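Before any comments, here is the structure.
The values are calculated or read from the model by the stated rules, or taken from the named source; none is laboratory data. Small disclaimer: the values here were computed from a predicted structure and weren't measured. For neighbour counting, all protein chains shown are included, and Cβ atoms are generated from backbone atoms with ideal geometry for every residue, glycine included. Note: areas computed on protein heavy atoms with side chains; ligands, DNA, RNA excluded. Shrake-Rupley method; radii C 1.70, N 1.55, O 1.52, S 1.80 Å.
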Amino acid sequence: MYRTGDLVRRRGDGLLDFIGRADDQVKIRGFRIELGEIEAVLASHPAVAQAAVIPREDPPGPLRLVGYVVPVGDAPEPAELRQYVAERLPDYMVPPAYVALASIPRNTNGKLDRAALPAPDLTAVIGQGPRDDRERVLCGLFAELLGLDEIGIDDDFFSLGGHSLLVAKLILRVRDEFGAKIGIRTVFEAPTVAKLASALGRDTRADDVLLPLRATGDGPPLFCVAPATGLALAYTGLLAVLPGRPLFGLQLVEERTTTVADIAANLVCCIRQIQPEGPYHLLGTSFGGLVAHEMAAQLLDVGERVDSVVLLDSYPFPKEWADLPIMTEGEVATDLLGDLDPGQVALAYRAFTHHSRLGASWTPRRIACDVLLFEATEDKTPDWPGPETWSSHVDGRLDVHRIAYTHNGMTSAAALAHIGATIAQRSIVRRAS
């Protein structure tokens, strides 16, 4: 038993009405957020003396975080504060809007007076306006999805609160408005109206294997293999906790592959175009972990160095699973895919069924390198495989980290923030040694 922190009222029929929270925890976009944690990061900025963070709905629409700061001298720019917080917290905890105050308002009890906090002036972050009809439409789409009155052509979609689900919606709206089929990769490479308007004139594909989440940076790239759905967009949750490190998603979009080894071979060719020589760093979730493991085997076969293989609740499939019915499209859409349109759901479900069959018939090889395994501990059935199933497939050290998430929740922003922090710490230790 533990206290949830929820405040409720018992009704006459015995049911409970949720009233609010007894602490400063809020829920935004499905994530529980401790406001005090964000306030502590903001207050650590050299130019900030005091900070407060609250959720607001102005203009009426999606709930968003707003940061209030009392500057030490001249007020830092909102973009500077967003970047500062984004380097220290996962994206769902980064306020898109900020207000500078002379002092933080308090009530007679010394507590934060939320009612006295002004609404953010979102025009303060608006830069140059649209220069043509294409930019005008895109500005409207950005503003609509982000719940803003207007934005400038140089405002960054992600800095203003954009996230993975909104990317999917933006792609659909762009297709409806312009008849242009753009991919996830395009939005990451062109996150402003000015850049995206230019990109619409280029030939882009929605089914790119390589998804550059951050194409340049310091340190070796981390290549992240998608789970069975084939979609690697969720790995955006690693960006904030691995600041400056190149990150690439590897999507599983080739349906003609007949074995896990075929998929791994295709992806090895892909990553060697980005990084011709090792050491390589690989990550995979669930079925994608089997692919990442086989990629390591193939790279080691040709004498390349593999420094890390990170598996997110990934295990060799038990033989009994081959006889189990595959999840229905509705179950996959509800449990794994979130807010995608029917066409995207159908493609992802086709990939899921294909990869589930390949996983059930695959036996991993033995590799001579270290493996970092994150084991999900929540909602597991008794027959679920565990870390011991890798003992005959790993010659190096198997380092297991147990984290309190479900299997399907391992690519949530909250789980990836935990996972990314561990990867970052291990990288620091490795460089120090």
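Determine whether region 82-98 contains at least one residue that is closer than 17 Å to residue 112 by Cα and modelled with pLDDT of 75 or more. For region 82-98, residues closer than 17 Å to residue 112 by Cα and modelled with pLDDT of 75 or more: present. Taken together, the residues in region 259-270 that are without any contact (Cβ under 8 Å) to a residue 60 or more places away in the chain and of a type in the set (Val, Ile, Thr) amount to 1.
Does region 150-165 contain at least one residue that is among the hydrophobic types (A, V, I, L, M, F, W, C), assigned to a helix (DSSP H, G or I), modelled with pLDDT of 80 or more and open to solvent by less than 10 Å² (accessible area, probe 1.4 Å)? Explain how you work it out, then say what you get.
Residues of region 150-165 that are among the hydrophobic types (A, V, I, L, M, F, W, C), as a first pass: 151, 153, 157-158, 160, 165.
Keeping just the survivors that are assigned to a helix (DSSP H, G or I) gives 165.
From the residues that got through so far, the ones that are modelled with pLDDT of 80 or more too are none.
Within region 150-165, not a single residue is among the hydrophobic types (A, V, I, L, M, F, W, C), assigned to a helix (DSSP H, G or I), modelled with pLDDT of 80 or more and open to solvent by less than 10 Å² (accessible area, probe 1.4 Å).
In summary, residue 26 fulfils each of the numbered conditions (1) assigned to a helix (DSSP H, G or I); (2) in contact with a helix residue (DSSP H, G or I) (Cβ under 7 Å, 6 or more places away or on another chain); (3) at pLDDT below 90 with the single exception of condition (1).
For the structure I just gave you, tell me whether residue 307 is at pLDDT 90 or above, charged (D, E, K, R) and either surrounded by fewer than 17 Cβ atoms within 10 Å (Cβ to Cβ) or in a loop (DSSP other than H, G, I, E, B) (or both).
Numbers: at pLDDT 90 or above: yes; charged (D, E, K, R): yes; either surrounded by fewer than 17 Cβ atoms within 10 Å (Cβ to Cβ) or in a loop (DSSP other than H, G, I, E, B) (or both): yes.
Yes; evaluated as a whole, the condition is true for this residue.
Within region 188-208, if we keep just the residues that are part of a loop (DSSP other than H, G, I, E, B) and under 21 Å from residue 129 (Cβ atoms), the residue that is modelled with the lowest pLDDT turns out to be 201. Determine whether residue 265 is surrounded by 20 or more Cβ atoms within 10 Å (Cβ to Cβ), assigned to a helix (DSSP H, G or I) and over 20 Å from the mean Cα position of the chain (by Cα). When the stated conditions are applied, residue 265 does not pass them. Tallying residues that are within 12 Å of residue 290 (Cα to Cα) and small (Gly, Ala, Ser) within region 361-385 yields 1. All of 144, 135 fail the test of being charged (D, E, K, R), at pLDDT 80 or above and surrounded by fewer than 16 Cβ atoms within 10 Å (Cβ to Cβ), apart from 144.
Please specify each residue of region 356-406 satisfying the condition of being among the charged types (D, E, K, R) and open to solvent by 50 Å² or more (accessible area, probe 1.4 Å). Even if it seems obvious, please write down each step before you answer.
First, the residues of region 356-406 that are among the charged types (D, E, K, R): 357, 365-366, 370, 375, 378-380, 383, 388, 395, 397, 399, 402.
If the condition is that a residue be among the charged types (D, E, K, R) and open to solvent by 50 Å² or more (accessible area, probe 1.4 Å), then 357, 365, 366, 370, 378, 379, 380, 383, 388, 395, 397, 402 are the ones that fit.
The residues of region 222-244 that are touching a residue at least 40 places away in the same chain (Cβ under 8 Å), assigned to a loop (DSSP other than H, G, I, E, B) and open to solvent by 20 Å² or more (accessible area, probe 1.4 Å), listed by number, are 227, 231, 239, 241, 243.
Examine region 247-262 for a residue that is more than 24 Å from residue 373 (Cβ to Cβ), of a type outside the set (A, V, I, L, M) and buried (at least 16 other Cβ atoms within 10 Å of the Cβ), and state whether such a residue exists. Yes: region 247-262 contains one or more residues that are more than 24 Å from residue 373 (Cβ to Cβ), of a type outside the set (A, V, I, L, M) and buried (at least 16 other Cβ atoms within 10 Å of the Cβ). Reported count of residues in region 355-396, each being assigned to a helix (DSSP H, G or I), more than 24 Å from the chain's Cα centre (by Cα) and under 17 Å from residue 252 (Cα atoms), is 4.
Could you tell me which numbered condition residue 286 fails, if it satisfies all but one of (1) farther than 18 Å from residue 233 by Cα; (2) crowded, with 24+ Cβ neighbours inside 10 Å? Unmet for residue 286, out of (1) farther than 18 Å from residue 233 by Cα; (2) crowded, with 24+ Cβ neighbours inside 10 Å: (1).
Residue check: is residue 278 touching a residue at least 60 places away in the same chain (Cβ under 8 Å) and either closer than 20 Å to residue 417 by Cβ or not aliphatic (A, V, I, L, M) (or both)? Let's see the steps before the verdict.
On the way: touching a residue at least 60 places away in the same chain (Cβ under 8 Å): no; either closer than 20 Å to residue 417 by Cβ or not aliphatic (A, V, I, L, M) (or both): yes.
Here the answer is no, as residue 278 does not meet what is asked.
Looking at this structure, is residue 211 among the hydrophobic types (A, V, I, L, M, F, W, C), in contact with a helix residue (DSSP H, G or I) (Cβ under 9 Å, 6 or more places away or on another chain) and modelled with pLDDT of 80 or more?
Spelling it out, residue 211 is indeed among the hydrophobic types (A, V, I, L, M, F, W, C), in contact with a helix residue (DSSP H, G or I) (Cβ under 9 Å, 6 or more places away or on another chain) and modelled with pLDDT of 80 or more.
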